[in-house]
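Scroll down for the structure; my scribbles are underneath it.
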Amino acid sequence: MTCTEKTSPVWHPFSQHKLEPAFKKIVTTEGAYLIDDDGRSVLDAISSWWVITHRHRHPKITEAIRLAAERYDQIIFAEYTHEPAEEFARGLIKLAPREMAHVFYTDSGSTAVEVALKMALGFFHNSGAKRSRVIVMEHGYHGDTIGTMSAGERGVFNAAYTPLLFNVDTIPFPKPGCEQQTLDALERLCRSGDVAALLIEPLVLGAGGMKMYPAHLLAEFRRITQRYGTLLIADEVMTGWGRTGSLFACTATGLMPDILCLSKGITGGALPLAVTLCTAEIFDAHLSEDRRRTFFHSSSYSANPIACAAAVANLRIWRTEPVSQRIETVATMHRDRLARFQSDPRFTNIRQQGTIAALDLAADSTGYLSEVGPRLRTFFRHRDVLIRPLGNVIYLMPPYCVTEADMDKAYNAIDEAPDFILSAAR
Ligand SMILES: *Cc1c(COP(=O)(O)O)cnc(C)c1O
């Protein structure tokens with residue numbers, strides 16, 4: 001039976017239950033597809049909200065989970081440790097930016113960022129420096145908890161919670177030709193002296209609309225923050241695990257953050273897990289015979305052993321399978337198909353970073369921007385393609401197993417979408 005809002009007690013995320021069509025029940029997943037209870041296969045063109053990297057149910061990850069579940073369940077992660085957490089941390093440190101020395105486990109991207117902010121403030125608190133301000137980038141997104149909403153773009157999504165959000169300083173998004181304004185704003189803010197950290201999504205701002213900026217700015221951000229002793233936190237929750245074309249945006253661009261947040265693709269998308277990595281300097285600032293300097297953070301499910309085992313299997317896949325080659329193939333498939341939209345007046349801002357492709361539906365081809373997102377979503381759903389536009393921004397972020405035929409299906413649907421939306425409006 002199809003599960004609708006009228007019969008189910010479930011409250012779904014980011015869903016207006018009054019307006020949503022029935023929630024389709026998925027009975028299994030396979031490769032790049034979700035299979036529903038009518039037996040239809042839906043192309044998961046956004047990797048189930050950006051978490052699935054290689055493919056749904058990669059056999060090696062499934063097997064690692066099965067084996068781990070026979071041996072472990074949750075194990076308290078204070079006082080005790082376990083091999084999956086140790087093995088993953090060791091493996092990750094080898095692949096992460098050189099300065100990263102320690103790995104702190106949590107269970108979601110939001111908590112990874114919360115931990116990053118707490119590490120930054122703890123660092124200065126324990127060092128006796130009065131620094132507590134945080135600089136973020138316009139259009140940034142870092143999660144949906146109170147702390148991460150405070151650091152993210154303000155708008156309709158968090159209007160109700162504004163009274164609880166703390167103040168941050170915002171630098172403008174570096175629009176082409178206006179990059180210097182962003183750098184000047186950063187320098188001005190850092191110079192004030194009470195800034196603990198700059199928190200950024202490297203290369204691509206995800207939920208803010210797949211906004212992309214060039215790698216050379218990351219070097220500038222690092223240079224400026226370094227000059228003023230401001231910590232740099234890289235939120236790679238979305239950009240990590242191959243999305244932007246290499247394992248991490250940081251390592252590909254030579255960015256050396258002080259703190260690095262990872263989640264989403266960390267288990268290949270199979271189980272929830274997150275890590276916050278930091279330098280030895282930040283860890284050492286918490287190292288003391290004084291217990292008040294302890295890093296006071298824990299989640300009940302810190303370093304869940306089954307999730308860690310999935311993450312270990314993911315690392316092994318990166319080591320032993322031609323993942324980089326697959327990513328390059330996905331990138332090439334995007335490039336070839338995006339070309340036909342370059343001179344298409346219905347679309348603007350055609351852009352790509354690795355396996356992420358995005359384009360904006362030109363506003364004047366719709367007339368009512370506010371409703372265009374849900375309408376597009378319905379159209380794509382009828383085409384058995386899962387695409388969830390961010391307003392008028394249509395993007396694809398498929399698992400790395402997509403085929404040429406899958407990509408044709410997704411791009412043909414995008415090509416037909418504006419005309420469908422227009423004719424429906426008439
Ligand atoms: C998704 C996302 C988060 C939040 O991750 P959750 O696991 O949903 O809490 C944080 N930062 C970025 C850049 C993200 O894309």
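Take the Cα radius of gyration of segment 49-133 and divide it by 2.2 N^0.38 Å, with N its residue count; two decimals is plenty.
This ratio for segment 49-133 stands at 1.40.
For the pair segment 181-250 / segment 317-348, the C-alpha centres are spaced 24 Å from each other. Principal-axis analysis of the Cα atoms of the chain puts helix 59-71 at an angle of about 50° to the longest axis. By the beta-carbon count within 10 Å of each Cβ, the least crowded to most crowded order of ILE61, ILE387, fewest first, is ILE387, ILE61.
Just so you know, the Cα atoms of segment 85-192 work out to an Rg and Dmax of 16.2, 46 Å.
Exposure proxy check: THR106, THR170, THR244 ranked by fewest other beta carbons within 10 Å?
The fewest-first ordering by Cβ neighbours comes to THR170, THR106, THR244.
With respect to the chain, whose longest principal axis is taken over its alpha-carbon atoms, helix 109-127 is tilted by about 20°. Determine the percent antiparallel among the DSSP beta bridges restricted to the chain, to the nearest 5. Expressed as a percentage, antiparallel bridges in the chain total about 65.
Each of LYS264, LYS24 was scored by other Cβ atoms within 10 Å of its Cβ. Arranged with the fewest first, they read LYS24, LYS264. Taking all Cα pairs closer than 8 Å and separated by 6 or more residues, the relative contact order of the chain comes to 22 percent. Would you kindly give the portion of the calculated P(r) for segment 180-327 that falls above 19 Å, as a percent of all Cα pairs? Percent of Cα pairs beyond 19 Å in segment 180-327: 61. Note on HIS17 and LYS409: the model spin-label points, each 7 Å out from Cα along the C-beta direction, lie 3.2 nm apart.
The label point for ARG98 and the one for GLU220, both projected 7 Å from the Cα toward the Cβ, are 2.4 nm apart.
Using only alpha-carbon positions in the chain, the gyration tensor eigenvalues give semi-axes of 34, 27, 21 Å once each is multiplied by 5 and square-rooted (largest first). Using just its DSSP H runs of length 4 or more, each adding -39500 (n - 2.57), the chain gives a mean residue ellipticity at 222 nm of -11500 deg cm²/dmol after division by all residues.
The lysine pair tally for the chain, using Cα distances under 19 Å and a gap of 8 or more places or different chains, is 7.
Size descriptors for segment 270-426: radius of gyration and Dmax over Cα atoms are 21.9, 72 Å. Compute the whole-percent fraction of alpha carbon pairs in segment 142-243 spaced more than 18 Å apart. The calculated P(r) of segment 142-243 puts 51 percent of pairs beyond 18 Å. Averaging over all projection directions, the Cα-based convex hull of segment 308-369 occupies 6.2 nm² in the image plane. Model label points for SER299 and ARG377, set 7 angstrom from Cα along the Cα-to-Cβ axis, are 2.4 nm apart.
Summing Cβ point charges (Lys, Arg +1; Asp, Glu -1) relative to the Cα centre of the chain gives a dipole of roughly 240 debye.
FYI, it's all coordinate maths here, none of it is from the lab. Given the structure is predicted, the values throughout are model-derived calculations rather than measurements. Neighbour counts run over all protein chains shown; Cβ positions are idealised from the backbone, glycine included.
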